[in-house]
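Everything below concerns the one structure shown next.
Read-outs throughout are calculated quantities, based only on the coordinates presented, and are distinct from any laboratory measurement. Quick caveat: nothing in here was measured; it's all calculated off a predicted structure. Reconstructed Cβ throughout: ideal geometry from the backbone, glycine too, with neighbour counts over all protein chains shown.
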Amino acid sequence: MKHKKQTGFTIVELLIVIVVIAILAAITVVAYNGIQNRAKNNARYSEIKAWAKHFELYKAQEGTYPAMANEGFCLGSNFPVGGGGVARCRDYNGTYETSYIESDNAALMTELRKVNSSLPTGSRIGVNGTVGPYVNYSSSQIVFTEVINGTPADCPADAPSTWTDNNGRTLCSVRLNR
């Protein structure tokens, strides 16, 4: 009586193939998440650069930057509802001292629409409780800031980091001298 040789895979061979496929899938997911994060950060950089260009356009047309008090303002609209039940930017769920109310930017947005009615827009998706963009006026500078998910090394050379924390938040900023 002849024995037929059985063909097929052993359990060990099948387990090895499954493990290899799982490792490749994990590598792909990690790489995809990194690409997604970089794309979101690049969109945020582009937005603060667009705001800075809009301010430069205003200055070219009006002779000076928009006159505002030396404080911070949200840039744009459609910010998330945060503390006090109002739309806020910066640390919108934090203390009132570290967030800005969207409606306080009405005069600034009106001024900026004088040179172009189409203002830059963004996603308004927060990074660990912080959302931007926002602008801080001081006597010598106008600083446009956006929060990214990353480290100071993730900010481009023309928008260097001004702050970072241990929660993956880094602020990239563009500065204009007044």
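Net charge around Gly34, counting only other residues with Cβ within less than 13 Å of its Cβ (Lys, Arg = +1; Asp, Glu = -1)? Once positives and negatives cancel, what remains is +1. With a simple spin-label model that places each label point 7 Å from the Cα along the Cα-to-Cβ direction, the separation between Ala106 and Ile16 comes to 7.2 nm. A straight chain from Asn70 to Val86 at 0.36 nm per residue would run longer than the Cα-Cα distance by 3.6 nm. Per-residue Cβ neighbour counts within 10 Å put Phe79, Phe73 in the sequence Phe73, Phe79, beginning with the fewest.
Rg and Dmax of the stretch 1-102, based on Cα coordinates, read 28.4, 102 Å. By the count of other C-beta atoms within 10 Å, a proxy for reagent exposure, Leu112, Leu176 are ordered fewest to most as Leu176, Leu112. Look at the dipole of the chain built from charges on Cβ: of Val30, Asn105, Trp163, the Cα furthest out on the positive end belongs to Val30. Pairs of Lys residues in the stretch 11-177 are counted when their Cα atoms are under 17 angstrom apart and they lie 8 or more places apart or on different chains; the count is 4.
Going through [x] 21; [y] 39; [z] 35, the figure that equals percent of Cα pairs over 29 Å apart as computed for the structure here is [z]. Stretched out straight at 0.36 nm per residue, the stretch from Ser123 to Lys59 would grow longer than its current Cα-Cα span by 20.4 nm.
Working note: Karplus 6.51/-1.76/1.60 with θ = phi - 60° gives the stretch 56-69 the couplings 5, 4, 4, 4, 4, 7, 9, x, 7, 6, x, 7, 9, 5 Hz, where Gly and Pro are set to x.
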